[in-house]
Amino acid sequence: MEKEPGEVPERRKRSDSDRFPRRPNPAEYESEWYARWIEGGCFSARPEADAPRFTIVIPPPNITGSLHMGHALNLCIQDALIRYRKSAGADSLWVPGTDHAGIATQNVVEKQLADEGTSRAELGREGFEKRVREWKGAAIERINDQIRKLGCAVDWTMERFTMDEQCSLAVRTAFKRLFDEGLIYRDTRIINWCPRCRTALSDIEVEHAEEEGALYYIAYPLIGDEGAVTVATTRPETMLGDSAVAVNPGDDRYRSFHGKRLLLPLVRREIPLITDDYVDMSFGTGALKITPAHDPYDFEIGRRHGLAQHRMLTEEAVITGDYPPYAGLDRYEARKRVVEDLKAAELLKKQEPYRHSVGRCYRCDTAVEPYLSLQWFVKTKPLAAPAAEAVREGKTRFLPEKWTKVYLNWLDDIRDWCISRQLWWGHRIPVWTCGSCGAVSSSVEDLAACPSCSSAALSMEEDVLDTWFSSGLWPLSTLGWPAGTRALEVYYPTTVLVTGFDIIFFWVARMMMFGLKFGGDVPFREVYIHGIVRDAKGKKMSKSFGNVIDPIDTIGVYGADALRYAFLSSAGMGQDVYISDERFKAGRNLCNKLWNSARFILMDSPGAPPLEKALEDEPPDLADRWILSRAAVLLDETKRAMDGYRIDEALHKAYAFFWHDFCDWYLESAKPKLRAGQPGRRALTAAILHRLIALNLSILHPFLPFITEELWKLLPAAEGMLAAAPCPSLSWEPDRDAEDAMSLIQDFIRSVRDIRANLNAPPSKKIEVIVLTGSGEKIQTVKAGEPYIAALAGVERISFLRRGEIAGKQTLSSLLPGMEIHVRVPEGAMKEEMRRLEKKRSALAAEMERVERKLGDENFLSRAPGEIVKKENQRFAALKEDLHKISERLNELSGR
RNA sequence: GGGUGGUUAGUUCAGAGGGAGAACGUCUGCUUGACGUGCAGAAGGUCACAGGUUCGAGUCCUGUACCACCCACCA
């Protein structure tokens, strides 16, 4: 009967196989293990231990919502590192915590209030803060639960929140020190203002993007003279606040206008025409309207020329009452009206499409206004210089290295940091102004009396600090600074910071500045910058694309280990991570394979002697020596990869070893030995299987903590929990000879299998293989490997013929280094063989020609190192021999 | 305008001067005493393009094109 494509035959029923359960649903053991790890104190720091320290402070997630795939990636990387270093003997500490996220959280809660028909104003500051604190509790619980679901080995006893008592003390202490040293000051400046959030923003909180707009040409009539000066602007409504028109002093077109006065249209204000070098003659008309209160550069020019600052917008970006026809209009509405009115007055000379950069609030995407206001600033240059220097000196290293330059360029060109926010949710600025003497003081403790005049008429600042001010202190505040705690002493500087490139300026640079300033050293030795999470098509995951996947959903379907595998296997250093069902399935399949290999071993050999004991009683055979050698190499390779933060590489190596070396080859070759071998053989084989399944679990544990722990429990020799177990060791050296010999056997088996596949020989059909050879050493190896060849390639007999002895015409053949193998086939199966041989021959001939040409080249022979020339010669000889064999074979077949 | 990456198999990437690799996907076969979430085999690449250095270039240098990202106050 024909089988439908994709149809799978019904699984064979065997009562035997129920002796050991099939893999349970991950949900059945994952949360249970997390609780056991916590109970067992597996994740607790051991500051008293005499061990190398490995410390990470978590990038604190915002309490605005739940964790997304980006967080999950970030967490998985840290967890793999923490668990690996712990198993390698380090005192690993991973400090968890969350960030109050000022603007973002306030927005979320305000939205909630709006849905409930109330508002922040209605609740009042205290009521609002109380409301946010309630939200905070639930949010943190949700986030921590996700962290537990992912299996993160964080030390919960160290958990912090950026607005808890300890962190608040750090914030006030840092603020006061900077204030007292004159590094924090207050000034009236043009800052970035979000009219929706109604707060100031720092420069980096504004996201610039090119947008389609228009360039408007407006004529400003001269006073007391004919004519006008035409300016070009993208924001015509700001003309209401103009104080002057500027031209370049060297611009001949306007030379005759110098010193004249203009009439500002609509407003009918008299303004001067001034000259300033800043003006670019080639742009627009070469005349620039100056609005000192609403443009940063105009502000500078205004200051230079002593111009008035006319504020024409309110905090909500609505026209102020000073411009009656437009008062109360939104800025865009006002733009339309101004343009209409200018048109009506025939003063709008031209309007053309124009692409220009618009800045938007990074929290709500509203177009930001340059806005004149009184704000607090940090003088950054004195802090930035040491932060840059530390990286230049290599005290902190970026991985991948390319981010070093990004970091340095920003610090070298840094501008002062606006830290005041007109919000209610955050650290209130610890500054008090005296109502009687006017003194402005900062204090760590709340002030009750003015330090200068002892007056009690003090008012505290209303504004709060930029969230990133407290984030910047995170490595210090979590470890107890400003108190000289044991944790600070032992764990600062931390080892590595794991984060995304999007917050290098926001966070990494600020921590460097504060860490050096207050902690006396860099906050971390290394900064590991990972990529972002994308969907299968390479699109960034974002709500607006509608392609977000909730990590918790994925865990529900595939298990946390599968999700972790998807991330860690594709997280090449700094590489973006593409996730898809395919990748999750790959992770799930690996878990399944792990389970089933352990299941086989424990079913077939429930117990085994210790490996060292078994080796005393029985010498290891080729496959034993080979797999032990591979394991020794693997231990070394994964260690080096992990120490170098090449996490995906370590995982790939472990995966390949487990799946291909261990399962495909060793375990398969072990089956006949377990079934038919001598007792000593059986014991040694079982011992190796037990030892190596344990080793596989240990090595894979940092990546797949749950399934490996669950299986560890089932191993008779395993003690305690895997999460607390030290790195496995293997008293076995890499064995070159065993690996070379096994490699030949594997090639042999693959060749036979290839021939079988061409023959369509079912696995049950045993075949005879004829070996033609000239090399004695290779024959010895094949003979030694005969049991494996028999078992793994379905070969019942190998006949060794000398060169010249005829294998027979009716055979399929394959070339191996130093030998040629044949399998007899029935009449009629030869046509395909001729084609294959022909193809192979032309490939060999082409290759040989290349090598021959090289070896005929005087330059090559005289200039290339002797070693290379020798190698090429050997290669030529081998190719020549193979070609000869194939040609002979072809002649034989065609000349029948 | 400045900067940083990238361009190698259908896809995602590794390879950093001497015979083009992995994973996934594809195709073919398989009730193989753990696993069909599996086993076995196979096919598939002018290493973006153009110059240069070299006995020899995915690999080093220069330039070009394209893609991605970051920074910047030209109205």
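The modelled label-to-label distance for the pair A:Val557/A:Lys260, using points 7 Å beyond Cα in the direction of Cβ, is 7.1 nm. Applying 1/(1 + (r/R0)^6) with R0 = 35 Å to the Cβ-Cβ distance of A:Asp413 and A:Cys437 gives a FRET efficiency near 0.30. In this rough spin-label picture, where each label sits 7 Å from Cα along the Cβ direction, the A:Glu300-A:Glu39 distance is 6.6 nm.
Can you order the peptides A:632-639, A:32-39, A:233-240 by their average number of other Cβ atoms within 10 Å per residue, highest first?
Order by mean packing, descending: A:233-240, A:632-639, A:32-39.
Helix-only arithmetic for chain A: the sum of -39500 (n - 2.57) across DSSP H runs with n ≥ 4, divided by the residue total, places the mean residue ellipticity at 222 nm at -14000 deg cm²/dmol.
Simple point charges give the picture: +1 on the Cβ of Lys and Arg, -1 on the Cβ of Asp and Glu, and for region A:15-130 a dipole about the Cα centre of about 400 debye. If you bin all the Cα-Cα distances of region A:650-739 at 10 Å, starting from zero, the percentages per bin are 15, 44, 34, 8. Projecting label points 7 angstrom from Cα along Cα→Cβ for A:Leu730 and A:Ala138 puts them 5.2 nm apart.
Each of the peptides A:518-530, A:79-91, A:872-884 was scored by the mean count of other Cβ atoms within 10 Å over its residues; in descending order, highest first, they stand as A:79-91, A:518-530, A:872-884. DSSP bridge analysis restricted to chain A gives an antiparallel fraction near 70%, rounded to the nearest 5. With the charge dipole of region A:84-132 set up from +1 on Lys and Arg Cβ and -1 on Asp and Glu Cβ about the Cα centre, the Cα lying farthest toward the positive end among the listed residues A:Gly102, A:Ser87, A:Gly127 is that of A:Ser87.
Taking amide H as placed 1.01 Å from N in the peptide plane, A:Leu816 has its amide H under 5 Å from the amide H of A:Ile821, each at least 5 places away in sequence or on another chain. Among the GluC sites (Glu not before Pro) in region A:401-497, those located in a DSSP loop and surrounded by at most 13 other Cβ atoms within 10 Å of their own Cβ are A:Glu401, A:Glu445, A:Glu462.
Report the FRET efficiency, 1/(1 + (r/R0)^6), for A:Lys539 and A:Asn596, where r is their Cβ-Cβ distance and R0 is 25 Å, rounded to 0.05. Given R0 = 25 Å and the Cβ-Cβ separation, E is 0.10. Database remark: amide H of A:Ala246 closer than 5 angstrom to the amide H of A:Ile274, A:Leu288, A:Lys289, A:Ile290 (H placed geometrically; neighbours at sequence offset of 5 or more, or on other chains; Pro and chain starts carry no H). For region A:349-466, taking Cα atoms only, Rg and Dmax work out to 20.8, 63 Å respectively.
Checking the cross-link pairs A:Lys593/A:Lys840; A:Lys381/A:Lys405; A:Lys671/A:Lys765; A:Lys671/A:Lys839 against a 26 Å limit on the alpha carbon distance flags A:Lys593/A:Lys840; A:Lys671/A:Lys839 as lying beyond it.
With N as its number of residues, chain A has a Cα radius of gyration that, divided by 2.2 N^0.38 Å, comes to 1.28.
Charges were assigned to the Cβ only: +1 to each Lys and Arg, -1 to each Asp and Glu. The resulting dipole of region A:638-686 about its Cα centre is roughly 360 debye. Per-residue extension of 0.36 nm, minus the Cα-Cα distance of A:Ala757 and A:Arg19, leaves a gain of 262.2 nm for this segment.
Note the full-extension length gain between A:Asp740 and A:Ser452 as 0.36 nm times their separation in residues minus their Cα-Cα distance, in nm to one decimal.
Gain in length upon complete extension: 95.2 nm.
When DSSP beta bridges are restricted to pairs lying wholly in region A:396-535, around 50% turn out antiparallel.
For the pair region A:603-643 and region A:99-146, the centres of their Cα atoms are 57 angstrom apart. Note on chain A: dipole from Cβ charges, positive end direction compared against A:Phe20, A:Pro292, A:Ala35; the farthest Cα belongs to A:Phe20. Given the C-alpha centroids of region A:684-729 and region A:455-495, what is the distance between them in whole angstrom? Using only Cα atoms, the two centres lie 42 Å from each other. Across chain A, the relative contact order, built from alpha-carbon pairs under 8 Å that are at least six residues apart, equals 12 percent. Say the dipole of region A:331-381 comes from +1 at the beta carbon of Lys and Arg and -1 at that of Asp and Glu; which of A:Val338, A:Ala367, A:Val378 then lies farthest toward its positive end? Farthest towards the positive end: A:Val378. Here is what passes the span test in chain A: the DSSP H helices with alpha carbon length of 24 Å or more along the helix axis and a Kyte-Doolittle mean of -1.0 or above are A:69-87, A:581-604, A:622-643, A:679-700, A:736-759, A:866-894. Taking 0.36 nm per residue of separation and subtracting the Cα-Cα distance, full extension of the segment from A:Val869 to A:Glu668 would add 68.3 nm.
Net charge dipole, chain A: roughly 2200 debye, given to the nearest 20, about the Cα centre with Cβ charges of +1 for Lys and Arg and -1 for Asp and Glu.
Read-outs throughout are calculated quantities, based only on the coordinates presented, and are distinct from any laboratory measurement. Because the structure is predicted, anything quoted here is derived from the model rather than measured. In this analysis, Cβ positions are derived from the backbone assuming ideal geometry, glycine residues included, and neighbour counts consider all displayed protein chains.
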